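Here's the structure we're looking at; comments come further down.
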Amino acid sequence: MVVRYLVAGSERAVVGLLDHGRVLPLPGVQSTASLWALSLDELGVRLARALVDAGPATALAEVTLLAPVDGLTEVWAAGVTYRISRDARMEESDRAADIYQQVYDAARPELFFKSAAWRVSGDGEPIAIRSDSTVDVPEPELALVVNRFGEIVGYTICNDVSSRSIEGENPLYLPQAKVYLGGCALGPGVVPAWEVPDPLGLTIDMTITRAGRTFWSGSTNTSLLHRPFDDLLDHLTRADVFPDGVVLSTGTSLVPPLSHPLEAGDTVSISIDGLGTLTNQVVRGLDDLLATSDRRRPGG
């Protein structure tokens, strides 16, 4: 698994490999973005060579993991790609429920910009719910890591935090419901594509913990995805280029009900087969997020 991390006492992000509870730095690799500039074959050779040339390993407990994106790598997301997502969007929407049925069946998928790399939270970092929202949910998703050539080179976990109350007022409010500081988390790292033989057969589990107890939990499988990866990527890359690669989150099939919104202090844990677990604590509003997260960290 490719990871970005900080060593105690340093503010410089390091790119390395997480293997059996230890982290090995990748020699000569200054950013994950530089890896996504390689072809799939070149990436395989680079990582294999790095294992041989890697410096001394550090125990995972002695480093702080960061989001596995940097540079100009963008995060995009797909919506209404699972039936339950369609149903949840229709439930929350006041006047435009039929739009989501149309999107679910349409030839063109819903795709939207989610985050710049520097805004993304990593494993163990806080996520935020908006102070002007009343119903907010985590959305656990399998995310594709795509190189500049449009090849899927890896997979990671995405928490597409969303305001159901804001989007439910009007579909045109989607950017405010989805795109804000603290609204996206990725991690714990990127598992190379060749290590995930069946990405459409992965179990996704999510648990929301409140005051030390399970508040909500659910499980699903990527086999329920309504749209092929190639179709999503084709539409994403038709009229755009991604020189530092792109992360495309493929949508959710686990949506907590309107009666179970997130609150400050909650902890959200998302696990996907073979990809690990992404865990984040929830804060409310920009001020609390800035008080608990250093967004000025070099390379962050």
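The values are calculated or read from the model by the stated rules, or taken from the named source; none is laboratory data. Note that the structure is predicted; figures quoted are calculated from it, not measured. Note that we place each Cβ from the backbone using ideal geometry, even for glycine, and neighbour counts take in every protein chain shown.
Here is a yes/no grid of residues against (1) under 18 Å from G189 (Cβ atoms); (2) free of Cβ contacts under 8 Å to residues at least 60 places away in the same chain:
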position: R119; (1), (2): no, no
position: I127; (1), (2): yes, no
position: S133; (1), (2): no, yes
position: D136; (1), (2): no, no
position: E141; (1), (2): yes, no
position: I157; (1), (2): yes, no
Verdict on L278 being out of contact with any helix residue (DSSP H, G or I) (no Cβ under 9 Å at 6 or more places or on another chain), outside any loop (DSSP other than H, G, I, E, B) and touching a residue at least 24 places away in the same chain (Cβ under 8 Å) = yes
Counting residues that are at pLDDT 95 or above and within 23 Å of the chain's Cα centre (by Cα), which helices (runs of 4 or more DSSP H) fully inside the stretch 1-96 reach at least 2?
-> 32-36, 40-53
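Residue-by-condition table, conditions (1) crowded, with 19+ Cβ neighbours inside 10 Å; (2) among the hydroxyl-bearing types (S, T, Y); (3) farther than 21 Å from G182 by Cα:
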{"position": "F242", "(1), (2), (3)": "yes, no, yes"}
{"position": "V246", "(1), (2), (3)": "yes, no, no"}
{"position": "G274", "(1), (2), (3)": "no, no, yes"}
{"position": "T279", "(1), (2), (3)": "yes, yes, no"}
The stretch 38-57: number of residues that are touching a residue at least 24 places away in the same chain (Cβ under 8 Å), exposed (fewer than 15 other Cβ atoms within 10 Å of the Cβ) and within 20 Å of V196 (Cα to Cα) = 2
In the stretch 118-142, how many are closer than 11 Å to D160 by Cα, acidic (D, E) and assigned to a loop (DSSP other than H, G, I, E, B)?
-> 1
Enumeration of residues in the stretch 178-194 that are small (G, A, S) and either farther than 16 Å from P140 by Cα or surrounded by fewer than 22 Cβ atoms within 10 Å (Cβ to Cβ) (or both) | A193
If you go through the stretch 116-147, how many residues are surrounded by fewer than 24 Cβ atoms within 10 Å (Cβ to Cβ) and over 15 Å from the mean Cα position of the chain (by Cα)?
-> 7
When the stretch 148-205 is checked residue by residue, the ones that are charged (D, E, K, R) and either under 12 Å from the mean Cα position of the chain (by Cα) or part of a loop (DSSP other than H, G, I, E, B) (or both) are R148, E151, D160, D198
Scan (1) touching a helix residue (DSSP H, G or I) at 6+ places or on another chain (Cβ under 9 Å); (2) under 23 Å from P188 (Cβ atoms); (3) loosely packed, with under 14 Cβ neighbours inside 10 Å for the single condition G265 breaks and write down its number.
-> (1)
